[in-house]
Structures are given as C-alpha cells and as structure tokens.
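Asks: Dumping the structure here so I can ask a few things about it.
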Amino acid sequence: MSVDPSAFVAGTADIAEDASIRDGAKVWHLAQVREGAEIGPRAIVGRGAYIGTGVSVGADCKIQNYALVYEPAVIEEGVFIGPAAVLTNDTYPRAIAPDGSQKSADDWEAVGVTLQRGASVGARAVCVAPVTIGAWAMVAAGSVVARDVPDFALVAGVPARRIGWVGRAGRKLELDGDAWVCPVSGDRYVEANGRLELGMQHGI
C-alpha cells in the first residue's frame, strides 16, 4: 500500500496493498479500504467504515464510524458522511438468478453515488444509486435519497424531499426579500427555477 509519511493508519485497519493514503489522512480502527481506493489529503475515515474498490475520497472529507461507501462512488473534496450512512451501488439487487444459481460480480453492473464538493449526508441516511448530491447540499439523518439533490438543498424524509436551503456554513437559509440569507456568514443566495446560486458579489 502507499501511505504518505504524514498519514495515520490504525494497526487494526484493513488496507489493500494497492490502496493509497495521502498526506495528513487518518484511517481509524477496523476501517476497510479496498483495492485501488484513494484517501485524499487530510481526509478522515472513521472506525469500522468501508471504502469500496477504486473509490477516490477527496481532500478534507470526513467519513464517520461505520459508514459504507460502495464503489463506484465519487466523493469530492470537503464531503461529510455521517455515522452508519450507506451509499449503495446496485439498482436491482438479487443474491440469485431466476434459475436459482448464485449471482456473481459478473452478473450486475455497479452504479454509484456522487457527492459533490462540501455536501453532507446525515447519520444512517441511505443514498440509492445512481444519484448525485449537489455541492453544499445536506441530507438529513435517516433520510432515503432516491433522486438527485440540487446544490445547497436541504432534503429530509423517506423518500427525501427538499424542505429548505442551506448555505456553505451548513445553516438553514432565511428568506430576505428576493434573496436567501445565511444567518452565520451573511452570504446571500438567489433562487431561480428550483435552484440556488451564491450571489455574484461573493463568488464561489
């Protein structure tokens, strides 16, 4: 395995020989990082978490205890995945074929979940592939996401539906005239056609 000298890997973690752990990353007790996976700079993989084959985890991500990230998930930088959250990879899961024979990896085509920059997935939430969680969006704990989530959207429920907007600080935005405002940063966002964008005066 390729482990940067500044990275930390617990002695009880299970790291594949060709996995890569980048500078400043931390992989904790009982976590498993599969073949060809890459843990980006300063990313944290919690106790008992699973990172599937070939998955690339971006810089500064936090993957909490017992989260399951199945390939071919795409995890961009700054993503938070809460405890025991699941990113699935099989649209039509079956253990056996119609004739009763056991199915193998060759009998299905993996589909993945994409988590874009700064997105957050709450504890025990399930993201059902194929689905994309937009940049800075937030999935509430216990939700089941079965369709794409726009940037900055706050979604909750089973199935998950948008219940508001969140800013880059993670707080629910408040409507002020024709703009949505972050109560923490003061950033102003503009909504159009069911999507939200940060005001041009702030940049992205």
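Asks: Using bins 10 angstrom wide from zero, how does P(r) for region 19-87 break down, in % of all Cα pairs?
Replies: 27, 66, 7
Asks: If you don't mind, another one. Test of understanding: what is the full-extension gain from Ala10 to Glu197, defined as 0.36 nm times their sequence separation minus their Cα-Cα distance?
Replies: Details: separation 187, 0.36 × 187 = 67.32 nm, distance 4.05 nm.
Gain on stretching Ala10 to Glu197: 63.3 nm.
Asks: Of all DSSP beta bridges in region 72-204, what percent run antiparallel (nearest 5)?
Replies: Numbers: 15 of 31 bridges.
Antiparallel bridges make up about 50 percent of those DSSP assigns within region 72-204.
Asks: What aspartates and glutamates sit close enough to Lys62 to cross-link, taking a C-alpha to C-alpha distance under 17 Å and skipping anything fewer than 8 places away on the same chain?
Replies: Straight-distance partners of Lys62: Asp23, Glu38, Glu76, Glu77.
Asks: From the phi angles alone, apply the Karplus equation (6.51, -1.76, 1.60; θ = phi - 60°) to region 10-15 and give each ³J(HN,Hα) in whole Hz, x where the residue is Gly or Pro.
Replies: For region 10-15, the Karplus-derived couplings read 4, x, 8, 6, 10, 10 Hz, x marking Gly and Pro.
Asks: I would also like to ask the following. Rounded to two decimals, what is the ratio between the C-alpha radius of gyration of region 69-192 and 2.2 N^0.38 Å? Can you show the working numbers first?
Replies: Details: Rg = 16.9 Å, N = 124, 2.2 N^0.38 = 13.7 Å.
Relative to the rule-of-thumb radius for its length, region 69-192 sits at 1.23.
Asks: In what sequence, highest mean first, do 99-107, 135-143, 187-195 appear when ranked by Cβ atoms within 10 angstrom?
Replies: 135-143, 187-195, 99-107
Asks: Right, another one. Taking the chain as a Gaussian network, where each spring joins two C-alpha atoms under 10 Å apart, which residue of Pro41, Pro183, Pro93 fluctuates the most?
Replies: Pro93
Asks: Which percent, to the nearest 5, of DSSP beta bridges fully inside region 2-163 are antiparallel?
Replies: Values: 3 of 43 bridges.
About 5 percent, rounded to the nearest 5.
Asks: Send over the per residue convex hull volume for region 2-163, Cα only, as a whole number of Å³. Show your work: numbers first, answer last.
Replies: On the way: hull volume 15.6 nm³, N = 162.
Roughly 96 Å³ of hull volume per residue.
Asks: Shifting gears a bit: Starting with the fewest neighbours, write out Tyr66, Tyr92 ranked by other beta-carbon atoms found within 10 Å of each beta-carbon. Walk me through the numbers before you get to the answer.
Replies: On the way: Tyr66 19, Tyr92 7.
In order of increasing Cβ crowding within 10 Å: Tyr92, Tyr66.
Asks: Now for a different question. Along the Cα→Cβ direction, 7 angstrom out, place labels at Asp99 and Arg171. What is the inter-label distance in nm?
Replies: About 6.2 nm, to one decimal.
Readers should treat all values here as calculations from the given coordinates under stated rules, not as data from a laboratory. Quantities reported herein were computed from a predicted structural model and do not represent experimental measurements. Glycine also receives a Cβ, built like all others from the backbone with ideal geometry; neighbour counts cover every protein chain displayed.
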